[in-house]
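Report on the structure given below.
The values are calculated or read from the model by the stated rules, or taken from the named source; none is laboratory data. Only a predicted model underlies this, so the values are computations on that prediction, with no experimental measurement involved. Here the Cβ is made from the backbone with ideal geometry for all residues, glycine too, and neighbour counts use every protein chain on show. Protein only, heavy atoms only, side chains kept; ligands, DNA and RNA dropped before computing areas. Shrake-Rupley method; radii C 1.70, N 1.55, O 1.52, S 1.80 Å.
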Amino acid sequence: MLQIPSQKLKEILIKDNLVDPEKFDFLANEAKRMGQDIGDILISRNIITTDYFYGVLAAYFNVEMADLIGKKIDEQVLNLLSENVAKQKKAIVFGKEPDGDLSVAMENPNDLGIIEFLRNNLKSEIKPYLATQDDLNKGFAMYSRKFAEDFRKLVEENIQASLRQKAGTVEEAASAIPIVALIDNIIFYALSLRASDIHVEILEDGILIRFRIDGVLHEIVKIPKEVHPAVVARVKLIAALKIDEHHKPQDGRTHYKVGSDLIDIRISIIPTFYGEKIEMRLLPAAQKPLALREVGLMDDMIKIIEENIKKTYGMILVTGPTGSGKTTTLYAILNILNMPEVNIITIEDPIEYNIKYINQVQINPLAGITFESGLRSILRQDPNIIMVGEIRDEETAEIAVHSALTGHLVLSSLHTNDATTAIPRLFDMKIPPFLTAAVLNLIVAQRLVRKICLDCIGSFAPSEDLLNSIKKQLKELNIDSEFRAPKVLYQGKGCISCGNTGYSGRLGIFEILNIDEDLRKEIINPNFSLDNLAKLAKEKGMITMFQDGLRKAELGITTIEEVLRVIRE
């Protein structure tokens, strides 16, 4: 991200009454200590918003914001710059100025080297604009449309070439150019569509390739099963797995270079009825923690979290199903807690974010490092804050609870449907009610919903039929009492940017159970009832996950249909 001189930024923030001089100096030192940009620190600590920061940058460097969201981009102009160069230089050619200069959205419109490069290669004068990550993503999505048109043709050509080629062994077939190109094209296409996972599934009559995009699986292409042995062998090769092992699950990882970005790919292979199935999880190799607002938390919920992380002991739990963004939320909290005066240690499986000055331990059962044994060892390292990736069993739960009772702030995740059911889940793990009540500070439950594509968003007045349909679904979920009919709703119509889905990107919907004395009394009540606990929490003002989703639907961030879809999970 483009940065402004620290002293100038300090003057602007003080003038706008967003920070006092001492606080800014402290955060500037924190940014230097952690090797992060001051802008990222200010955003992650909820001092400023991303939009505010980009506005300050545009004013300081005297450039206009590109604001490509909702703008029509001429594909001929876009293709003046190749996709590889656009991604490498973080620049999108999106139009022409009245005087004939090319309009270019840039991550750093102050980079004279890139401007000169573009001027020489495009044979035109350049007018730079400041681009947000969303602006760049829109341009990259338009490139992917052309790649989508070519993808099936490329796959077919590589398969036919592979079938014609007479390789002596599976290893030779896996290293042959057609299979190498086939796997490369599948990975590159998945990345261009912002997929998080690639599934290669062997069926009775062929191989099905599916991508998970914004949390939803999409069928992409079906290919002949004759190439299955070579495809599996190729993936095993790049992940350094045993090619001749076909009856046991195997896990590995590899890195892929895409433009200037490095992608970390976690690979899982398991035997199924018709052969081995491949799952590839795609992750940016250098992920940085998001701010709480970027995760999707709204100001009222952020305030509750900030109050609770000031406590020096106790437990904060983040709950939800697999893939609901629990780790991302935990790291957004850890990034705020990462101060010089505290010792933070995490134990995770796997480590998804690498943060300076946080000591991270990777689970390794072969070396005897489990959540239970690792947590015992961590306690001998004089920690102030402990993050346990997941509480999976009674032993881990017991150690985590006792750690929280003996002067440590413990953060962890748990698999439950909502915030209140985390409490009976701890009971199931043999944590007595009096300890559960004593140790819990906060429970955050969450799901991930798809965001409406801002390029094709439109508003509409919901019909009576739609409202009745929503009420019927809410009654089935036993949350109809929480619904009040909105006057206006929003939806995406479908466009190039979102692959005609109407959605682009994801964020969380949340509910937060702030454990106070009344709730503690209910937890230790001999006649404990989950219904009574939930009723008391709502009486005390807890916003439920559906209510949080509904207000985001009314703001045009997501749709009610999407909120209902994920709540049913």
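Condition check ((1) outside any loop (DSSP other than H, G, I, E, B); (2) open to solvent by 40 Å² or more (accessible area, probe 1.4 Å); (3) of a type in the set (Ser, Thr, Tyr)) across all residues:
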position: Arg33; (1), (2), (3): yes, yes, no
position: Ile43; (1), (2), (3): yes, no, no
position: Val56; (1), (2), (3): yes, no, no
position: Lys72; (1), (2), (3): no, yes, no
position: Gln88; (1), (2), (3): yes, yes, no
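Which is surrounded by 14 or more Cβ atoms within 10 Å (Cβ to Cβ) and under 12 Å from Leu414 (Cα atoms), of Gly314, Gly320?
Gly320
Does the stretch 74-83 contain any residue that is assigned to a strand (DSSP E or B) and more than 30 Å from Asp300 (Cα to Cα)? No, the stretch 74-83 has no match at all. Here the stretch 105-134 is the region considered, the condition is being in contact with a Lys or Arg (Cβ under 9 Å, 6 or more places away or on another chain) and acidic (Asp, Glu), and the residue that is farthest from Asp51 (Cα to Cα) is Glu125. Counting just the residues of the stretch 74-86 that are touching a residue at least 12 places away in the same chain (Cβ under 8 Å) and either closer than 14 Å to Glu125 by Cα or more than 27 Å from the chain's Cα centre (by Cα) (or both), which one comes out surrounded by the most Cβ atoms within 10 Å (Cβ to Cβ)? Filtering the stretch 74-86 for residues that are touching a residue at least 12 places away in the same chain (Cβ under 8 Å) and either closer than 14 Å to Glu125 by Cα or more than 27 Å from the chain's Cα centre (by Cα) (or both), the one surrounded by the most Cβ atoms within 10 Å (Cβ to Cβ) comes out as Leu81. Listed here are the helices (runs of 4 or more DSSP H) enclosed by the stretch 279-343 that have at least 2 residues being in contact with a Ser or Thr (Cβ under 6 Å, 6 or more places away or on another chain) and over 20 Å from Ser403 (Cα atoms): 326-337. Selection over the stretch 33-47 of residues that are within 15 Å of Lys10 (Cα to Cα) and either small (Gly, Ala, Ser) or free of Cβ contacts under 8 Å to residues at least 40 places away in the same chain (or both) gives a count of 6. For the stretch 499-511, the candidate set comprises residues that are open to solvent by less than 10 Å² (accessible area, probe 1.4 Å) and out of contact with any Asp or Glu (no Cβ under 6 Å at 6 or more places or on another chain); within that set, the residue that is modelled with the lowest pLDDT is Gly502. Of the residues making up the stretch 361-407, those that are open to solvent by less than 40 Å² (accessible area, probe 1.4 Å) and assigned to a strand (DSSP E or B) are Ile385, Ile386, Met387, Val388.
Does Lys475 count as in a helix (DSSP H, G or I) and farther than 30 Å from Lys71 by Cα? Taking the combined requirement at face value, the residue satisfies it.
Looking at the structure I just gave you, is Asn62 open to solvent by 60 Å² or more (accessible area, probe 1.4 Å), touching a residue at least 40 places away in the same chain (Cβ under 8 Å) and of a type in the set (S, T, N, Q)?
Details: open to solvent by 60 Å² or more (accessible area, probe 1.4 Å): yes; touching a residue at least 40 places away in the same chain (Cβ under 8 Å): no; of a type in the set (S, T, N, Q): yes.
Criteria not met by Asn62.
In the stretch 259-276, the residue that is farthest from Glu201 (Cα to Cα) out of those that are more than 19 Å from the chain's Cα centre (by Cα) and open to solvent by less than 30 Å² (accessible area, probe 1.4 Å) is Ile269. Can you find, within the stretch 169-197, the residue that is least open to solvent (accessible area, probe 1.4 Å) among those that are assigned to a helix (DSSP H, G or I), of a type in the set (S, T, N, Q) and farther than 13 Å from Val155 by Cβ? So, considering only residues that are assigned to a helix (DSSP H, G or I), of a type in the set (S, T, N, Q) and farther than 13 Å from Val155 by Cβ, the one least open to solvent (accessible area, probe 1.4 Å) is Ser192.
Answer yes if at least one residue in the stretch 510-521 is among the basic types (Lys, Arg) and under 21 Å from Val295 (Cβ atoms), and no otherwise. The answer is no, given that none of the residues of the stretch 510-521 is among the basic types (Lys, Arg) and under 21 Å from Val295 (Cβ atoms).
Taking the stretch 15-30 as the range and being assigned to a helix (DSSP H, G or I), open to solvent by less than 60 Å² (accessible area, probe 1.4 Å) and either among the β-branched types (Val, Ile, Thr) or within 13 Å of Ile48 (Cβ to Cβ) (or both) as the test, the residues that pass are Phe24, Leu27.
Within the stretch 201-223, does at least one residue satisfy the condition of being open to solvent by 40 Å² or more (accessible area, probe 1.4 Å), aliphatic (A, V, I, L, M) and modelled with pLDDT of 80 or more? Yes: one or more hits. Between Asn364, Asn359, Asn338, Asn343, the distinction of being in contact (Cβ under 8 Å) with a residue 60 or more places away in the chain, farther than 27 Å from Val216 by Cβ and not hydrophobic (A, V, I, L, M, F, W, C) belongs to Asn338 only.
Restricting attention to the stretch 198-228, the residues that are within 22 Å of Gly323 (Cα to Cα) and either part of a helix (DSSP H, G or I) or touching a His at 6+ places or on another chain (Cβ under 6 Å) (or both) total 2. Checked against the criteria, Asp465 counts as part of a helix (DSSP H, G or I) and among the acidic types (Asp, Glu).
When Met339 is tested against the conditions (1) surrounded by 18 or more Cβ atoms within 10 Å (Cβ to Cβ); (2) more than 24 Å from Asp264 (Cα to Cα), the lone failure is (1). The single condition from (1) over 26 Å from the mean Cα position of the chain (by Cα); (2) crowded, with 16+ Cβ neighbours inside 10 Å; (3) at pLDDT 90 or above that Ile92 fails is (1). Scanning the stretch 100-137 for residues that are open to solvent by 30 Å² or more (accessible area, probe 1.4 Å), more than 20 Å from Leu454 (Cβ to Cβ), touching a residue at least 24 places away in the same chain (Cβ under 8 Å) and in a loop (DSSP other than H, G, I, E, B) returns Gly100, Asp101, Asn108, Asn110, Glu125.
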